[in-house]
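Take a look at the structure set out below.
The values are calculated or read from the model by the stated rules, or taken from the named source; none is laboratory data. Note that the structure is a prediction, hence the values are computed from the model and not measured. Methodologically, a virtual Cβ is constructed for each residue, glycine included, from the backbone with ideal geometry; neighbour enumeration extends over all protein chains shown. Each accessible area value is taken on the protein alone, full model and side chains, heavy atoms only, with ligands, DNA and RNA left out. Shrake-Rupley method; radii C 1.70, N 1.55, O 1.52, S 1.80 Å.
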Amino acid sequence: MATFDAGAPWGIELPARQGASFHAVVAGTCWFTTDGAAPRQLTPGDLVLLPAGVRHELATEPGIPLRLFDEDLKRSLIQPDGTLGLDGPGARTRILCAGYSHDADVAHPVLSLLPPVLHVATAQPDTGPWLRALLDLLAHETRANTATGSSTAAIRLLDVLLIHVVRAWLNTAPPTGDGTAASWLTGLRDPLTAQALALLHARPGHHWTLDALAAAVHVSRATLARRFTHHVGEPPLSYLTRWRIELAARKLHDTTLPAAVIAHQVGYTSEYAFNRAFTRVRGCPPGRYRRQGHT
């Protein structure tokens, strides 16, 4: 967690990292760019969340020379109050920045299903005040990083901030039906579908059937199948298979648990069935996936 304060002209390249990161513009403006996307200008109140920590750039304007933001540059910019400063003769920009290291077995698979960039504005009337309050608290804990408990407080505030940013993004994302692709994110906007998704995410190892899931959310199986497929883009049990395999892939990469144990944890009663499902979704069997070191 740090505050970046720079005078124009400036430009930095932030390499890909394991975990999420975010930038909130407090004062001034800058341009934000990720690979394959057009630059977007950020103004005070804008916040970008990068759930998977993709490579990105921040600069006073697109196309100017960039400095790689690594540990050497970070050490050279750090000031006594903890601010990262870049001196320049032009207009100043102040950005609150943080990295978010999440639990690989649970949080990471969820975040990996989000878009590469979530862009929200803290000026929104419904969610903006909460975001601004959280950012103010984070800024305070960053400035008071030597105070008792400040580091722990900042970590907990980041957890809460992540939830509110996703909520704010969902509130401003266009609804399904106007050309927006169906996904689990649009499914969260429908109360019934959101209930079903919450159950599948919370209990992926449960022996779910369409009847059991429909009973759990108190609707008919036909209603559940229709609403879920409309909002998410696939039937509930197809989604459950992908979710289980996503969890399994992370466990194969991040742990040394045997494939049979992982299969049981994500809801498969036999390793053979798990191998078939994993190969169908990921294109190779679990053992080869682990040996190849996929992320």
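Details
- For Asp87, the solvent-accessible surface computed with a 1.4 Å probe is close to 140 Å², ligands and nucleic acids excluded.
- Estimated FRET transfer efficiency (His140, Thr43; beta-carbon r; R0 22 Å; 0.05): 0.45
- Listed residue (Trp208, Cys97, Leu185) projecting farthest to the positive dipole end of the chain, Cβ model: Trp208
- Proximal charge balance of Thr241 [Cβ under 14 Å; K/R count +1, D/E count -1]: +3
- Solvent-free Debye calculation, one equal scatterer per alpha-carbon of region 238-293: log10 I(q)/I(0) at 0.13, 0.14, 0.22, 0.25 Å⁻¹ equals -0.24, -0.28, -0.73, -0.97.
- For Leu68, net neighbour charge (Lys/Arg +1, Asp/Glu -1) across residues whose Cβ lies under 12 Å away: -2
- Evaluated on the chain, the Kirkwood hydrodynamic radius is 21.2 Å, with distances taken between all distinct Cα atoms.
- For the chain, the share of accessible area belonging to carbon and sulfur comes to 56 percent (1.4 Å probe, ligands and nucleic acids excluded).
- For the chain, a simple Cβ point-charge model (Lys and Arg +1, Asp and Glu -1, everything else neutral) yields a dipole of about 1000 debye relative to the Cα centre.
- Between Ala260 and Ala198, the C-beta separation translates, for a Förster distance of 25 Å, into a calculated FRET efficiency of about 0.35.
- Label-to-label distance, nm, for residues given as Ile78 and Glu61 (7 Å Cα→Cβ offset): 3.4 nm
- Residue-averaged [θ]222 nm for the chain, counting only DSSP H segments that reach four residues, each worth -39500 (n - 2.57): -13500 deg cm²/dmol
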